[in-house]
Amino acid sequence: MRKFGLIGHPVSHSKSPQIHGAAYQDLGVTAEYVAFDIPEDNLAKAIEIMKVNGFEGLNVTIPHKVKIMEYLDTVGEDATLIGAVNTIVKEGDRLVGRNTDADGYMESLLGALRQSTLANSNVLVIGAGGAARAVVYGLTKHDANITIANRTLHKAEQLAMLFSSANVETVTIAEAEKQLAKFDIVINTSSVGMYPDVTNQPIDVTFLAMEALVSDLIYNPLETQLIKAAKQRGNPVLTGVEMFVNQAALSIFHWTGLTANREKMKAEVLKHL
């Protein structure tokens, strides 16, 4: 039996085991997918789990996407440019870090907008962690005007410096709320609103333009407080399910060389939400 898994902290909310299980069954691959709750100070254990127990690949989620890079033998180009890893691939005796978040998210965003480019679009990215790195990287490839908002401005500035050649600026959350009317797209990459703290909202959308799209990378709950607030105003929204499915399918391709059925994967995660 082939072995794959997920490391993060916490992971009890994750639907990755279900979505991967459905994908492997549909592909005819005999495999198991296990979620491991690994505290930040014990990442070495994740590497031990992978090497000793015969795992061919691991997904990496909050809060390990940046720190895990220190424990890998090499890191792929996208993951290097993003500065974060969400997929570990075992290639022989080497552990290779990759990132499927950027491509997975941009596929879902451009699909929702029915556009092939984001040139001249003003995009607000909330958060400055590993997921934000992937989103900002994807946005820079599509020529967006990017503003990063974070409660700790220094972290936003550090992220912006990674993409200094692009049109990226930084603000606090409070400043972003004052400027909200200028944004065409608002993307939450933070964990604010994720299960179990589902009543929290990363930003007040009161002054958001009515045509602006609101996107949340969180998929559990399916409709976060941010998504609910945007829908109540009549704004178009994009939940985290599409990105979740896309990045998972790309991870499966890295591990197996097979193309998973994304519609069946999406139906599976929706069933559990």
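The values are calculated or read from the model by the stated rules, or taken from the named source; none is laboratory data. Please read these numbers as outputs of a predicted model, since none were measured by experiment. Glycine also receives a Cβ, built like all others from the backbone with ideal geometry; neighbour counts cover every protein chain displayed.
General remarks:
- Criterion (in contact with a helix residue (DSSP H, G or I) (Cβ under 7 Å, 6 or more places away or on another chain) and assigned by TED's automatic domain parsing to the domain that holds Gly8) met by exactly one of Gly83, Gly138, Gly76: Gly83
- Reported count of residues in the range 194-205, each being at pLDDT 95 or above and surrounded by fewer than 14 Cβ atoms within 10 Å (Cβ to Cβ), is 0.
- If only residues of the range 53-98 that are of a type in the set (S, T, N, Q) and at pLDDT 95 or above are counted, the one that is surrounded by the fewest Cβ atoms within 10 Å (Cβ to Cβ) is Thr74.
- Filtered residues of the range 257-273 (kept if assigned to a helix (DSSP H, G or I) and either touching a His at 6+ places or on another chain (Cβ under 6 Å) or of a type in the set (A, V, I, L, M, F, W, C) (or both)): Met265, Ala267, Val269, Leu270
- Candidate set: the range 222-247, residues that are of a type in the set (Gly, Ala, Ser) and surrounded by 23 or more Cβ atoms within 10 Å (Cβ to Cβ); chosen: the one farthest from the chain's Cα centre (by Cα): Ala230
Per-residue answers, yes or no, for (1) touching a Pro at 6+ places or on another chain (Cβ under 8 Å); (2) under 21 Å from Arg133 (Cβ atoms); (3) of a type in the set (Val, Ile, Thr):
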| site | (1), (2), (3) |
| --- | --- |
| Gln201 | no, no, no |
| Pro221 | no, no, no |
| Thr224 | no, yes, yes |
| Phe244 | no, yes, no |
| Thr256 | no, no, yes |
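- Candidates Glu175, Glu169, Glu157: the one that is of a type in the set (D, E, K, R), assigned by TED's automatic domain parsing to the domain that holds Leu217, at pLDDT 95 or above and outside any helix (DSSP H, G or I) is Glu169.
- Selection of the range 113-129 for residues being surrounded by fewer than 18 Cβ atoms within 10 Å (Cβ to Cβ), of a type outside the set (Ser, Thr, Tyr) and either assigned to a loop (DSSP other than H, G, I, E, B) or at pLDDT below 95 (or both) yields Arg114, Gln115, Ala119, Asn120.
- When residues of the range 142-183 are limited to those that are surrounded by fewer than 16 Cβ atoms within 10 Å (Cβ to Cβ) and basic (Lys, Arg), the one farthest from the chain's Cα centre (by Cα): Lys178
- The range 99-112, residues that are in a helix (DSSP H, G or I) and crowded, with 19+ Cβ neighbours inside 10 Å: Asp101, Ala102, Gly104, Tyr105, Met106, Glu107, Ser108, Leu109
- Residue match in the range 137-150 (condition: of a type in the set (S, T, N, Q) and under 16 Å from Ile173 (Cβ atoms)): yes
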